[in-house]
Amino acid sequence: MSGSPAPYTMKGQLGLYRAALFGSCPKCGARTLFEAPAMVADQCGECGLKLGELEPTGRAVPLLLTVWVIAILICAAMFLELEVRPPMWVHVVVWAPLTIGLELFALRVYKTRGVYIAYEKRRTAYVQSEPR
């Protein structure tokens, strides 16, 4: 099985978390994967890869991901309250942005991973189907 290496191992390509943070296209590495904070673009503006076709579908995994992130943050907030007892405004200032940021990052990682896996499967199938 020959062909180019996976997009996350090629020189110049980013790892999964950096690709999710920057929204890197799996084919060209341009920052065009997301058109909104957690919404995959229909197509890469640089190379024309149809990203919308590669996006993972379904609602169960993002919902469970949200529940897990919120549960972890609630436990952390309860620990902070029991150990330090800060004023209520500290909870609002700390936990509101942290909740939004972590949830958006978790969704971006999930969607980036799905797009990269689908791209790799499609690319591998194309390489294997080429006549030798």
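Read-outs throughout are calculated quantities, based only on the coordinates presented, and are distinct from any laboratory measurement. Predicted model only: the values in this text are computed from it and were never measured. Neighbour counts are summed over all protein chains in view; Cβ atoms, including those assigned to glycine, are modelled from backbone coordinates with ideal geometry.
Things worth noting here:
- Taking 0.36 nm per residue of separation and subtracting the current Cα-Cα distance, fully stretching the chain between residue 98 and residue 81 would add 4.5 nm.
- Mean separation of Cα contacts under 8 Å, 6 or more apart, over the residue count of the chain: relative contact order %: 30 percent
- Which of 69, 84, 115, 93 has the fewest Cβ neighbours within 10 Å, and the rest in rising order: 84, 93, 69, 115
- Sorted largest first, the spans of the alpha carbon positions of the stretch 56-132 along the three principal axes are 69, 19, 17 Å.
- Axis of helix 60-83 versus longest Cα principal axis of the chain: the two differ by about 30°, to the nearest ten degrees.
- Our estimate of slack between residue 128 and residue 46, defined as 0.36 nm per intervening residue step minus the Cα-Cα distance, is 26.9 nm.
- Along its three principal directions, the equivalent ellipsoid of the chain from the Cα gyration tensor extends over semi-axes of 37, 14, 13 Å, largest first.
- Each residue in 39, 88 was given a count of other beta-carbon atoms within 10 angstrom of its own, and listing them fewest first yields 88, 39.
- Simple spin-label estimate for residue 55 and residue 68 in nanometres, 7 Å along Cα-Cβ: 2.2 nm
- With the helix formula -39500 (n - 2.57) applied to DSSP H stretches of n ≥ 4, the chain reaches a computed 222 nm mean residue ellipticity of -19500 deg cm²/dmol.
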